[in-house]
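Student: Attaching a single structure in structure tokens format; questions to follow.
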Amino acid sequence: MFGLSSSEVGPALLEHLEGYLFKTIVPPDLVGGIIVEAVQADSGDIVPPRGFLAGVEAICRRHGIMLLLDEVKIGLGRTGKWWGFSHEDVAPDLVALGKALGGGLPLSAVVGRAEVLDAATANNMYTTAGNPVACAAALATLDVIEEEGLVARAAEIGGYLLKSLRQLQAVHPLIGDVRGLGCIVGVELVRDRTTRVPAPSETAKTVYRCYENGLLVFYSGLYSNVLEFTPPLTLSVAEVDEGVDKLDRSLADVEAGRVTDESLGKYQGW
Ligand SMILES: Cc1ncc(COP(=O)(O)O)c(C=O)c1O
């Protein structure tokens, strides 16, 4: 959907789904469910235009398809609301949770209506399901998120992080876009801001120089050219300032050619 403005791309994608994919690749009556992230994380931290998720839900309802929200990465407050889908007025049929849920212990969950989850006998029986220690950790995690006001905190500190990273865009030509919602932020690196040609090797070099400077950053995106920031929701303003300063210096080194191809020799990405 290159070349479309951000207000055009949402409706165009919805039309592609209903007007093209359903008519050519897969008829809607063969589709049991559509799985979607409210912010597409690993594909490049893409925040869809407002109305997109509600549009997906409307398509699901029109065709009797279930709407499944993957909240594994962005759920539990990260986006500044408890759930990523809460930024729009949608009601998913099933929600997948993981990562932060166990507060460090391994735990994932699927939450949904009983008639969906109980549809098949013994459908949800796994050896390690319902592990009491992990479940206790999850309940404690939910308490901490609530008691420490971490959802509101994610919106606040995430907004500050986004603003600080946008300020870097003014001084670093490599930065093509900075986007995010609460505490998930992506910085897209490009070789040319007009054509938006991805800059994957520059991204790898930036990640590596950040690591040398004491800042751990991943990259994401279909073209491996998006620096991803998914910090703890307890991040302080001072930590944002320190991290952004390290990124600033790392980008300057990459732009000035001070990080060589050879220095990446042992680095295999994430
Ligand atoms: C959005 C999203 N969904 C699902 C998963 C998979 O979760 P798990 O590693 O618990 O299987 C990941 C993992 O990284 C993820 O980012």
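The values are calculated or read from the model by the stated rules, or taken from the named source; none is laboratory data. On a predicted model such as this, the values are computed, not experimentally measured, just so you know. Because the Cβ atoms are built from the backbone with ideal geometry, glycine has one as well, and the counts that use them run over all protein chains shown.
Student: Can you find a residue that is in contact with a Gly (Cβ under 9 Å, 6 or more places away or on another chain) and more than 28 Å from residue 58 (Cα to Cα) anywhere in region 107-118? Full working, then the answer.
Tutor: Restricting attention to region 107-118, the residues satisfying the condition of being in contact with a Gly (Cβ under 9 Å, 6 or more places away or on another chain) are 107-109.
Applying the additional criterion that residues be more than 28 Å from residue 58 (Cα to Cα) yields 107.
Yes, region 107-118 contains a residue that is in contact with a Gly (Cβ under 9 Å, 6 or more places away or on another chain) and more than 28 Å from residue 58 (Cα to Cα).
Student: Moving on. Scanning region 90-112 for residues that are assigned to a loop (DSSP other than H, G, I, E, B) and closer than 16 Å to residue 69 by Cα, which turns out farthest from the ligand (Cβ to nearest atom)?
Tutor: We begin by selecting, within region 90-112, every residue assigned to a loop (DSSP other than H, G, I, E, B); these are 90-93, 98, 103-108.
Now narrow it down to the ones that are closer than 16 Å to residue 69 by Cα: 90-93, 98, 108.
Values: 90: 17, 91: 20, 92: 14, 93: 17, 98: 4, 108: 5 Å.
Filtering first and then ranking leaves 91.
Student: Could you run through region 13-49 and say how many residues are assigned to a helix (DSSP H, G or I) and either acidic (Asp, Glu) or within 16 Å of the ligand (Cβ to nearest atom) (or both)?
Tutor: Here the count works out to 3.
Student: Something else about it: How many residues, within region 168-187, are under 18 Å from the mean Cα position of the chain (by Cα) and in contact (Cβ under 8 Å) with a residue 24 or more places away in the chain?
Tutor: So the answer is 9.
Student: Please go through region 52-81 and pick out each residue that is within 15 Å of the chain's Cα centre (by Cα) and either charged (D, E, K, R) or more than 16 Å from the ligand (Cβ to nearest atom) (or both).
Tutor: Selection gives 70, 71, 73, 78, 80, 81.
Student: Here are some conditions: (1) within 16 Å of the ligand (Cβ to nearest atom); (2) modelled with pLDDT of 95 or more. Residue 126 meets all but one. Which one does it not meet?
Tutor: (2)
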